[in-house]
Every structure is written in C-alpha cells, then in structure tokens.
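Bear in mind that the values in this text are calculations on the coordinates, not laboratory data. Model, not experiment: these values are computed from the prediction. Don't worry about glycine lacking a Cβ; one is built from the backbone with ideal geometry, like all the others, and counts go over all protein chains shown.
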Amino acid sequence: MICFKYSDSSGDVQECSYGGPNLESGLDMLTELINHGWKLTDIRIIGANKNLINLPLNAFDGNYFSEPLGKLQQEWEDILLPVS
C-alpha cells in the first residue's frame, strides 16, 4: 500500500492511498501523476510489518520504475537461483 499527499489546484493538501497489484505499479502510478502535473508532498509505503517507509520525492523524476526494477529482480534471480 502506498500513501501519498499532494497539493491540489487551490493549494489544499489532499491524502490518498493506492493498493495496486504490486509495488512497481504503485510507483509507476505516482510517476504518471507527477507527469500530469500533480505536486506530491509526501510519499510513504506501508511495510510488511505495518511500518511506514518514507520515500524521497526527488526519486520521482518522471521516469517509470517498473522496467529498472524488473531488470534488478532478474539480476538477483540469476545470482540467487541455482542453474539446472
């Protein structure tokens, strides 16, 4: 689950959450909002043990996360999974 705050067009702060199928889709959704002009002011994910993890706003620079995270996952799987 991703929780985030943004400033709307009148300057009021709104709170939202997103519970998509995986973290990558949530990060990409936030990137899409930013690319459409939303001004995000706070981004947090809820960890496995219900702790809140703050994400840096400057990490959302208009580039999507799913492709690089997929490549990173593949690299880790190649390292950790035994070759048959």
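A compact table of results
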item: Calculated from backbone phi, Karplus (6.51, -1.76, 1.60) coupling profile of region 74-79 in Hz, x at Gly/Pro; result: 4, 4, 5, 5, 4, 6
item: Positive dipole terminus of the chain, leading residue within Leu30, Tyr18, Trp76 (C-beta point charges); result: Tyr18
item: Inter-label distance for Ile34 and Asp61, nm, one decimal - labels placed 7 Å from Cα along Cα-to-Cβ; result: 0.9 nm
item: Calculated Cα extents along the principal axes in Å (choose from [x] 36, 34, 20; [y] 59, 28, 20; [z] 52, 24, 17), label; result: [y]
item: Residue-by-residue Karplus 3J(HN,Hα) for region 41-51, coefficients 6.51, -1.76, 1.60, Hz, glycine and proline x; result: 10, 7, 9, 9, 10, 8, x, 4, 9, 6, 7
item: Helix 23-35 vs. the chain, principal-axis angle (Cα, 0 to 90°, nearest 10); result: 40 degrees
item: Residues whose placed amide H lies under 5 Å from that of Asp42, excluding near-sequence neighbours; result: Lys5
item: Karplus (6.51, -1.76, 1.60) ³J(HN,Hα), θ = phi - 60°, over region 65-72, in Hz, Gly and Pro reported as x; result: 9, 4, 5, x, 5, x, 5, 4
item: Förster radius 35 Å - calculated FRET efficiency between Val83 and Cys16, Cβ distance, rounded to 0.05; result: 0.20
